[in-house]
Ligand SMILES: [Fe+2]
């Protein structure tokens, strides 16, 4: 097998060419793919042909699949895999645009948020419905020394929904909401797989920063988020049927775009991979 790697931008993203993930791979190639994933943060494989089982097996090259939190988004025939669809009906009867609007990272309210998210395109609109990624590691590197020092050691609390979040999210009953986890995570998160720090910001879920007044905490969060999402280190994935895209949630934020004809179906398989408890910056050796 001859694997080719095509960088997608200067700072993040790689397309891997010449790999059929429905076929078994040896350990050497699996390790090579994992290295490409952690080094490039977003990895794209075109022209894949998967059953749900084959998609899950391809995902497992990169880690352990964790169950989708909402059972109604699991595939009935193979619940290990879940789906994203614009055909879900809201209570109003109007089509729901898409889950995942606004740059975010998945399930950061978990004690150990998912390391990676993986999508596989089944039905793709004629145009639009792209997914955008920004590198929070390149954004961290761009911060002034003063800001790096300011955020070193700070931890933010991530809950199911921030009190200041404007986005629609799946509405939970009070009982279900009370059962959702919340967690405190470092603002500067270390990715042990590539040795870099990244901004771990997620305004939809952050409810405060330890030791800071609420307004000051949200000001800081907003500034860091604006810095990370201004588009300097961005890859926009234009979907084609058969694309498998995986990304490292420790290294990028992502967002779905809604600029497409809602009469067209957009349907993708999705899995999340188990992650570790987010790590702060390692102590410098003396
Ligand atoms: Fe997402």
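Please treat every number below as a calculation from the coordinates, not as lab data. Note that the structure is predicted; figures quoted are calculated from it, not measured. For neighbour counting, all protein chains shown are included, and Cβ atoms are generated from backbone atoms with ideal geometry for every residue, glycine included.
Taking other Cβ atoms within 10 Å as a rough exposure proxy, 232, 189 sort from fewest to most as 232, 189.
Taking the square roots of five times each eigenvalue of the Cα gyration tensor of region 140-286, the equivalent ellipsoid has semi-axes of 28, 21, 16 Å, listed largest first. Share of pairwise Cα-Cα distances greater than 13 Å in region 113-156 is 75 percent (whole percent). Working note: Cα gyration tensor of region 75-231, eigenvalues times five, square-rooted, sorted largest first, giving semi-axes of 29, 20, 16 Å. Each residue in 3, 262 was given a count of other beta-carbon atoms within 10 angstrom of its own, and listing them fewest first yields 3, 262. Here, region 162-242 is characterised by an Rg to Rh ratio of 1.03, where Rg is the alpha-carbon radius of gyration and Rh the Kirkwood radius. Calculated on C-alpha atoms, the gyration radius of region 120-211 divided by its Kirkwood radius gives an Rg/Rh of 1.05. All Cα-Cα separations within region 1-146 were binned at 10 Å from zero, giving a P(r) of 9, 33, 38, 16, 4, 0, each value a whole percent of the pairs. Translational diffusion coefficient of the chain (Stokes-Einstein, Kirkwood radius from Cα pairs, 20 °C, 1.002 mPa s): 109 µm²/s.
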